[in-house]
Amino acid sequence: MAPHQEKKLAEERKYHNMQNGTKASQGQWGRAWEVDWFSLASILFLLMFAPLIVYYFIMSCAQYQCSLTAPLLDLLTGNKHLADIWNRTPMLTYRAAGIYSLWVTFQVFLYMSIPDFCHKFLPGYVGGVQEGAVTPAGVVNKYQINGLQAWIITHVLWFANASFLHFFSPTIIFDNWIPLLWCANILGYAVSTFAMIKGYFFPTNAKDCKFTGNFFYDYMMGIEFNPRIGKWFDFKLFFNGRPGIVAWTLINLSFAAKQRELHGEVTNSMILVNILQGIYVLDFFWNEAWYLKTIDICHDHFGWYLGWGDCVWLPYLYTLQGLYLVYHPVQLCTAHALGVLVLGLLGYYIFRATNHQKDLFRRTNGHCRIWGRRPEYIECSYTSVDGTRYHSKLLTSGFWGWARHFNYTGDLMGSLAYCLACGFEHILPYFYITYMAILLTHRCLRDEHRCSSKYGKDWERYTAAVPYRLLPGVF
């Protein structure tokens, strides 16, 4: 090893040791520094079983018509053995590997090589180079925001192919669904492992690394806060938004094409799932600059939780409604369809309006009106790792006066609408609302633990002013 590299590593190790000895009062906030037994047990469970859960859901649809209980009953009664199920599972193919490699390469190209032009002609859209939030070490990163542009280019090419180019069938994703699952797993594990190695040996910013001393926790939750290659390739922004979320709407379109191929029509339930989830995806990319201020970018380090989760968990389990409707086409009555549409749109409105209120409040530093009145807020302050003192305001007006995470309430309403579009014959489509309820409740608790460490007594004042988390008067 070269002398200058040894010196750099020695300095970084010294810094890490200093960091692990720093008291919370000096500005520790963000990811955990110490791992209790419950956290470790939870992480080991997820590392072992999350990939099996994804496989079980996809296999249940492919082999058991989306029944979640039939595979277990077959195994328990001896009708089938694990080897029988595994042997019927499609393996990795050269075709799937080629499709997936081309897909990821194309998304990297769109992310890195084409500066955003949408902000130049779309009123209200914020794209191009934008600044993120202050990291725990006091760093402000810059990002190239061009997700909406990537989504538009990708979908224009998709529809051009489906309409007149005909290079491949619109059902290509469904037809290679399980072989593509193995590709996604390979990428998810590869990028997570690389991120951990990078955090130890060549971090982008050593001051924003955290080491607990527990291998499994560090692998799962990540070491580096913002791992990057070069100036612009940011792991968190790329994998959180691309390739998984860009693919979300393409996956649903492929499922709709397969439903039409198999059953001769696209049902209104499939159309509803495509529309409502399409709105969610478009909202994500329209507000990608705002996303830089959310928990994923502002607080989570990049590890297996985000790397594998964005590559596998998101595209495979967030699209279960469309997959289910391929195997079980549901034609909803008018009242049911309208109810689902209204619930989904109302949930989206609450989700977006709530986030808009906070964004407006931040951008104007409180000099604005929410619901026709000057906003109320709690003055607070916090200290970054480098000792810099920052001041902030916690909004207590509008939807943020109803509950501390009312945007999550709208998100849950939309999630429920996706599931209700699938009818009531099977429980599989309802995994999504169950998972989102657990995820968002856990996020509430994580966020509030982080904010309590960050703001101290100011946070106690805030929770006294806004006592409920998700449901006013309930929780």
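Going through Asp447, Asp458 one at a time, which residue ends up being acidic (Asp, Glu), open to solvent by 20 Å² or more (accessible area, probe 1.4 Å), modelled with pLDDT under 95 and closer than 17 Å to Cys298 by Cβ?
Values: Asp458 fails: closer than 17 Å to Cys298 by Cβ.
So the residue among Asp447, Asp458 that is acidic (Asp, Glu), open to solvent by 20 Å² or more (accessible area, probe 1.4 Å), modelled with pLDDT under 95 and closer than 17 Å to Cys298 by Cβ is Asp447.
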* Structure fact -> Within the range 76-134, residues within 30 Å of Arg363 (Cα to Cα), over 27 Å from the mean Cα position of the chain (by Cα) and assigned to a loop (DSSP other than H, G, I, E, B) come out as Phe121
* Structure fact -> From the option list Trp290, Trp308, Trp313, single residue qualifying as more than 25 Å from Phe431 (Cβ to Cβ), in a helix (DSSP H, G or I), of a type in the set (Phe, Trp, Tyr) and in the same structural domain as Tyr143 (by the TED database) is Trp290
* Residue match in the range 18-30 (condition: in contact with a helix residue (DSSP H, G or I) (Cβ under 7 Å, 6 or more places away or on another chain), under 22 Å from Leu314 (Cα atoms) and either modelled with pLDDT of 90 or more or surrounded by 15 or more Cβ atoms within 10 Å (Cβ to Cβ) (or both)) -> no
* To do: Identify all residues within the range 277-327 that are farther than 26 Å from Phe225 by Cβ, open to solvent by 30 Å² or more (accessible area, probe 1.4 Å) and of a type outside the set (A, V, I, L, M, F, W, C); write none if there are none.
  => Tyr280, Tyr327
* To do: Please give the number of the condition Ala41 fails out of (1) at pLDDT 90 or above; (2) exposed (fewer than 13 other Cβ atoms within 10 Å of the Cβ); (3) of a type in the set (Gly, Ala, Ser).
  => (1)
* Asked: Which one of these does Arg363 not meet: (1) farther than 30 Å from Leu272 by Cα; (2) buried (at least 18 other Cβ atoms within 10 Å of the Cβ)?
  -> (2)
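Can you find, within the range 190-232, the residue that is farthest from the chain's Cα centre (by Cα) among those that are in a helix (DSSP H, G or I) and among the aliphatic types (A, V, I, L, M)? Show your work before the answer.
Filtering the range 190-232 for residues in a helix (DSSP H, G or I) gives 190-201, 206-208, 215-221.
Okay, now just the ones that are also among the aliphatic types (A, V, I, L, M), so 190-191, 195-197, 206, 220-221.
On the way: Ala190: 18, Val191: 16, Ala195: 18, Met196: 20, Ile197: 23, Ala206: 25, Met220: 15, Met221: 14 Å.
Out of the qualifying residues, it is Ala206.
Yes/no matrix, rows are residues, columns are (1) in contact (Cβ under 8 Å) with a residue 60 or more places away in the chain; (2) in contact with a Gly (Cβ under 7 Å, 6 or more places away or on another chain); (3) not in a loop (DSSP other than H, G, I, E, B):
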| site | (1), (2), (3) |
| --- | --- |
| Leu343 | yes, no, yes |
| Leu346 | yes, no, yes |
| Ala353 | no, no, yes |
| Pro375 | no, yes, no |
| Glu379 | yes, no, yes |
| Gly401 | yes, no, yes |
| Gly414 | yes, yes, yes |
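The values are calculated or read from the model by the stated rules, or taken from the named source; none is laboratory data. Being a predicted model, the structure only gives us computed values, none of them experimental. No Cβ is skipped: glycine too gets one built from the backbone with ideal geometry, and neighbour counts run over all protein chains shown. For accessibility, only protein heavy atoms count, side chains too; no ligands or nucleic acids. Shrake-Rupley method; radii C 1.70, N 1.55, O 1.52, S 1.80 Å.
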